[in-house]
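Right, one structure below, let's go through it.
The values are calculated or read from the model by the stated rules, or taken from the named source; none is laboratory data. A quick note: this is a predicted structure, and the numbers were derived from the prediction, not measured. Virtual Cβ from ideal backbone geometry, glycine too; neighbours counted across all protein chains shown.
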């Protein structure tokens, strides 16, 4: 199959109408109908079936579309980069992220993004949340990744997604083989937690108090890596975003035997991607915010299991 045919397949699946799809593709409906028949003859099975006036994908057609998605995305990246080969002007994006979210995921994402979009230079700024908000408003930042929703008429929230908070323990911890824990179970534990001012800190303190005790805090830091290192040494516990725990354990081989345990009920954890509201948002900012959101969502879905 050709890229052109894959684009036809995708557009028809979105419109569910040959007439509308043909208009979007700037070809005639008879030409599109002929192309579909050719694809079906080449493949040996039907891609679409009629449902009233709509053209719906058959089960086989849905499988073909799923296989086509990464191909179409790669081709879009290819086309974008080809267009920029003769363009000596490199586009810059200023990206603000709170220390809380400066994890191996962020570094890995930026590495992959740079390879896919070499013409977009991303300048990363590790900043407090309030500073990110003010610099988005002033125009010193283009995109921000924060723990809290940034409420402002000058900021557009591009995406928000929910993860869950879990417990990390070392091999010598009494809960190492547990499948799940409640805050009441942690009454006698030593806590290594994020510094005050973060939602995660407030969640921990609030849930401990609801369970009738004050947590015994040994160490506080905004860096999850340091919290895990300390937890592994002192046999305490670390309560944090599950995905961030997972990423940091993978990035530190000597911590690979630490165990992540579910909390019941799991405190929620949100991550918000925001951009500066402008009359016209550049394609590069749209690409970056979209790719960041997609990668965060896929990362969460993969690691939350």
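Inside region 83-93, can you point out the residues that are at pLDDT below 80 and either within 27 Å of residue 243 (Cα to Cα) or surrounded by 18 or more Cβ atoms within 10 Å (Cβ to Cβ) (or both)?
Taking region 83-93 first, the residues at pLDDT below 80 are 83-90.
Correct list: empty.
Of 123, 108, 80, which residue is at pLDDT below 80 and closer than 23 Å to residue 281 by Cα?
Values: 123 fails: at pLDDT below 80; 108 fails: closer than 23 Å to residue 281 by Cα.
Among 123, 108, 80, only 80 is at pLDDT below 80 and closer than 23 Å to residue 281 by Cα.
Restricted to region 265-281, and to residues that are farther than 15 Å from residue 201 by Cα and surrounded by fewer than 14 Cβ atoms within 10 Å (Cβ to Cβ), which residue is farthest from the chain's Cα centre (by Cα)?
We begin by selecting, within region 265-281, every residue farther than 15 Å from residue 201 by Cα; these are 265, 271-281.
Retained after the next criterion (residues that are surrounded by fewer than 14 Cβ atoms within 10 Å (Cβ to Cβ)): 265, 278-280.
Numbers: 265: 23, 278: 23, 279: 26, 280: 24 Å.
The residue in question is 279.
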*Scan region 189-207 residue by residue and report those that are closer than 12 Å to residue 239 by Cα and modelled with pLDDT of 90 or more.*
189, 190, 191, 192, 193, 204, 205, 207
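Quick one: is residue 113 part of a helix (DSSP H, G or I), at pLDDT below 85 and surrounded by 13 or more Cβ atoms within 10 Å (Cβ to Cβ)? First the steps, then the outcome.
Numbers: part of a helix (DSSP H, G or I): yes; at pLDDT below 85: no; surrounded by 13 or more Cβ atoms within 10 Å (Cβ to Cβ): yes.
In short, no.
Name the single residue that is farthest from residue 294 (Cα to Cα) among those in region 265-280 being modelled with pLDDT of 80 or more and not in a strand (DSSP E or B).
Taking region 265-280 and keeping what is modelled with pLDDT of 80 or more, we get 265-267, 271-277.
Within this subset, residues satisfying the condition of being not in a strand (DSSP E or B) are 265-267, 277.
Numbers: 265: 27, 266: 23, 267: 23, 277: 20 Å.
Within region 265-280, the match that is farthest from residue 294 (Cα to Cα) is 265.
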*Could you list all residues from region 214-264 that are assigned to a loop (DSSP other than H, G, I, E, B), under 23 Å from the mean Cα position of the chain (by Cα) and under 19 Å from residue 199 (Cβ atoms)?*
222, 223
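Residues 44, 52, 139, 96: which one is loosely packed, with under 14 Cβ neighbours inside 10 Å and at pLDDT 90 or above? Show your work before the answer.
Details: 52 fails: at pLDDT 90 or above; 139 fails: at pLDDT 90 or above; 96 fails: loosely packed, with under 14 Cβ neighbours inside 10 Å.
Exactly one of 44, 52, 139, 96 is loosely packed, with under 14 Cβ neighbours inside 10 Å and at pLDDT 90 or above, namely 44.
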_Selection count, region 176-196, where residues are touching a residue at least 60 places away in the same chain (Cβ under 8 Å) and buried (at least 16 other Cβ atoms within 10 Å of the Cβ)_ = 3
